[in-house]
Amino acid sequence: MEDFESLVNQYNPLIHHIMRKLNIICEKDEFYQIGLIALWEASQNFNPEKGQFLSYAYKSIQGKMLIQLCKSTKINGRELKKSPEYWDLLKVEEDVSFLEWYFPKPFLTSLTNNQYIWLAEYIQFGKTITDIAYEYHATYATVKSWKRMALKKLKHYLEIHPDVFIK
């Protein structure tokens, strides 16, 4: 056991160097532990006839850390897909394609974010002003002003481009 402790003291900077090289910011303790385990496995499996221990230990530690990075990236990707933020992003992309189907792109780009929110929620989901105000933490009067300005811009766009919409 004392032999491994001296090995840890000797190769501790190597473990930290590999962690810095791989840009490991989160879960440093976990990756340090993986480095220690890889160092122990390298000390057990090392064959002096095949080369120096330093290079073998370096590749062993780096390999184990890279495997763990790949695993944690996959897990984080799965968790992201399950998170509410992921589904909100999909909803926004779905809203865009739905609204672009019915409204010309120049009209949609003329809307502010809030006016766009009102249009998407009202047209696609049939929500009332009260529902939209509750969902976006705004007052009834505020959402009503979003609606009023969006309709005003729509009327103005129709006056300029009367042949854009199907009659």
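Could you give me the percent of Cα pairs per 10 Å distance bin for segment 2-82, shortest bin first, beginning at zero and ending with the bin that holds the maximum distance? P(r) for segment 2-82, in whole percents per bin: 17, 47, 25, 9, 2.
3J(HN,Hα) couplings calculated from phi for segment 118-124 with the Karplus curve 6.51 cos²θ - 1.76 cosθ + 1.60 (θ = phi - 60°) are, in sequence order, 4, 4, 5, 5, 6, 6, 7 Hz; Gly and Pro show x. The protection proxy used here, the mean number of other Cβ atoms lying within 10 Å of each residue, ranks peptides 99-105, 131-137, 111-117 as follows, highest first: 111-117, 131-137, 99-105.
Any read-out appearing in this document is the output of simple, stated calculations on the displayed coordinates, not a laboratory observation. Everything numeric here is computed off the predicted structure, so don't read it as measured data. Glycine gets a Cβ as well: all are built from the backbone with ideal geometry, and neighbour counts include every protein chain shown.
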